[in-house]
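Below you'll find the structure, written out as structure tokens, and then a few comments.
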Amino acid sequence: MSPLDILIEPWFFMWLSISHVPATIRALVAAKDYGTLFSPSGFREALFGTLWATIGPNIKAKNEECVIALLEGRIKGGCIQDKVVSTPIYGTVLEIGAGSGMWVDILARFSSNVNAVGGLNNRKNTGRGITKIYGIEPNPISAKALQERVNEVGLQDIYHVIPVGIESVNDPSAWDSKIEPGSIDCIFGITCLCSIPEPEKNIQLLYKLLKPGGHWFVNEHVKISRGSPLLRFYQWFCNIGWSFFMGSCRLCRDTEKSLRAAGVWQEFDLAQLPNQTGYEVIPHVVGTLKK
Ligand SMILES: C[S@@+](CC[C@H](N)C(=O)[O-])C[C@H]1O[C@@H](n2cnc3c(N)ncnc32)[C@H](O)[C@@H]1O
């Protein structure tokens, strides 16, 4: 991307979001969901769900190679490695902010489920395999699409859609069960810690759900933490409009700091991708943490 493209990128996403307002209104009227239509926060979330259905596949296509390498344990210092250098995803997995299920087919490749399209038993792969997945997604439009995607990929035996926010995963009154602390082998989430409320508190809650020795596979856009103060100011400025048009997503989250503060880590490998110039207004970090 040219420096100009990098600077206008956040405004391009906001413009795309505005262009989805009519489709969101039409969908809510068709569903007779007037409560959401006339609630500013509800409408903002519905708009983001509609927008993500359009832009999500392109974003996935751009990130897919990196995410597959991450789940295969082939990322170190933000770079894709030829060989496995850390533990591939396995066991009971918590997918945070699963959205409309953009990554379900990729998770299926790591699943030990014989019925899953491309599952471990159908395909040679690394690791022990995923045995169970909780997909956390509070946006009702996205949660419905997520369930449809899970069924389409044939993962319904092991993938459980939890239609609440991460803050409610251990609250049995919010959904019909509860995830116990120390019961999760791996946490996986793609650009979702930018969207959860009270990040310090909820990242700590997620940390507690991980078993000792458990892994957290991270791929997030984050606050600019070094470089020009002017660029940092520009990111903060863009975030003002961003917070109106991009659901609960925020540009200036210091996610690395929140993850480090969540608790003690045996390994903490999180770095910017090598193809980034250092001038991104939406910089990304990727890597694996071991509790
Ligand atoms: C940028 S989208 C990413 C979706 C998905 N990970 C993907 O890559 O397609 C962020 C997601 O976080 C979800 N989200 C918002 N608040 C949340 C919360 N409290 N707990 C969990 N997820 C949340 C949003 O609904 C949205 O689906």
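For this structure, a couple of remarks:
- Residues whose placed amide H lies under 5 Å from that of TYR134, excluding near-sequence neighbours: VAL93, LEU94, GLU95, HIS160
- Each residue, ASN58 and GLN266, gets one label point 7 Å from its Cα in the Cβ direction; the gap between the two is 4.2 nm.
- Pairwise label distance in nanometres, GLN156 with SER2, each label 7 Å out on the Cα-Cβ vector: 5.0
- Of ALA61, ALA46, ALA145, the one that fluctuates the most in a GNM where the chain has Cα springs shorter than 10 Å: ALA61
- Solvent exposure of the range 3-290, expressed per residue, is 46 Å² of accessible area, with all protein chains present and a 1.4 angstrom probe.
- Calculated diffusion of the chain, Stokes-Einstein form, Kirkwood radius summed over Cα pairs, 10 °C and 1.306 mPa s, µm²/s: 81
- 222 nm mean residue ellipticity, helices alone, for the chain (DSSP H n ≥ 4; -39,500 (n - 2.57); rounded to 500): -13000 deg cm²/dmol
- GNM result for the chain, Cα springs below 10 Å: residue of ALA23, ALA271, ALA108 fluctuating most strongly: ALA23
- Total charge dipole magnitude, the range 150-226, about the Cα centre, Cβ charges on Lys, Arg, Asp, Glu only, Debye to nearest 20: 380
- Within the chain, helices built from complete DSSP H runs that reach 27 Å or longer along their own axis (Cα positions) and carry a mean Kyte-Doolittle hydropathy of 0.0 or higher are 40-71.
- Solvent-accessible area of the range 3-290 (1.4 angstrom probe, protein heavy atoms only): carbon and sulfur portion equals 58 percent.
- Think of the range 3-290 as having a plus end and a minus end, set by charges on the Cβ of Lys, Arg, Asp and Glu; of ALA31, ILE59, VAL150, ILE59 sits farthest toward the positive end of this dipole.
- Lys, Arg +1 and Asp, Glu -1 on Cβ, resulting dipole of the chain about Cα centre, debye, nearest 20: 340
- CYS79 sits among other residues whose Cβ lies under 15 Å from its own Cβ, and their net charge, with Lys and Arg +1 and Asp and Glu -1, is -1.
- Candidate lysines for bridging to LYS32, where Cα separation is under 25 Å - those fewer than 8 sequence places away on the same chain excluded: LYS144
- Above-threshold pairs, the threshold being 29 Å between Cα atoms, out of LYS83/LYS132; LYS76/LYS178; LYS83/LYS211; LYS60/LYS132: LYS76/LYS178
- Size descriptor, Kirkwood hydrodynamic radius, that averages inverse alpha-carbon separations across the range 1-150, Å: 17.5
The values are calculated or read from the model by the stated rules, or taken from the named source; none is laboratory data. Given the structure is predicted, the values throughout are model-derived calculations rather than measurements. No Cβ is skipped: glycine too gets one built from the backbone with ideal geometry, and neighbour counts run over all protein chains shown. The area values use the complete protein model at the heavy-atom level, side chains included, leaving out ligands, DNA and RNA. Shrake-Rupley method; radii C 1.70, N 1.55, O 1.52, S 1.80 Å.
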